[in-house]
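Trainee: First the structure, which I've put down as structure tokens, then a few questions once you've had a look.
The values are calculated or read from the model by the stated rules, or taken from the named source; none is laboratory data. Note that this is a predicted model, so its numbers are computed, not measured. Note that each Cβ is placed from the backbone with ideal geometry, even for glycine, and that neighbours are counted across all protein chains shown.
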Amino acid sequence: MTVDGEMVITGTPGARNWLANLRACSWAVLHLRNPDRDVEVAAAEVTDQAKRCRIAAEAFRLQPWYAEQPYSVEEWVAGAPMVVLTATKNR
């Protein structure tokens, strides 16, 4: 999803292997559709509380599934993985 003009990925609160992988190696390749293409990205974990609040609010607004999960917005802000992805030219 896009929040404040940045590409963000998140998930439900808790430990995630994909986050552990991005912490160990902050680059990744996104496989996109429409048009089909691969985009190399650098990942940066979101730690700023105000930004985490904005991301959680936008996730709940854009994806009703998130709001249906058994977590409050506060729990989401405190414990959900949140990462900003920035397109890079090449690693």
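Residue-by-condition table, conditions (1) in a loop (DSSP other than H, G, I, E, B); (2) at pLDDT 90 or above; (3) surrounded by 13 or more Cβ atoms within 10 Å (Cβ to Cβ):
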| residue | (1), (2), (3) |
| --- | --- |
| A15 | yes, yes, no |
| N21 | no, yes, no |
| N34 | yes, no, no |
| V39 | no, yes, yes |
| A44 | no, yes, yes |
| R52 | no, yes, yes |
| V84 | no, yes, yes |
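Trainee: Further question: Would you please name the residue that is surrounded by the fewest Cβ atoms within 10 Å (Cβ to Cβ), looking only at residues in segment 1-13 that are under 14 Å from W76 (Cα atoms) and within 10 Å of the chain's Cα centre (by Cα)?
Mentor: Filtering first and then ranking leaves G11.
Trainee: Give all pairs with beta carbons closer than 9 Å in which a residue from segment 68-79 that is surrounded by 13 or more Cβ atoms within 10 Å (Cβ to Cβ) meets a residue that is of a type in the set (K, R) and at pLDDT 90 or above; count only pairs at least 6 apart in sequence or on separate chains.
Mentor: W76/R52; V77/R52; A78/R52
Trainee: Only one of these conditions is not met by V8: (1) in contact with a helix residue (DSSP H, G or I) (Cβ under 8 Å, 6 or more places away or on another chain); (2) outside any strand (DSSP E or B). Which number is it?
Mentor: For V8, the failing item is (2).
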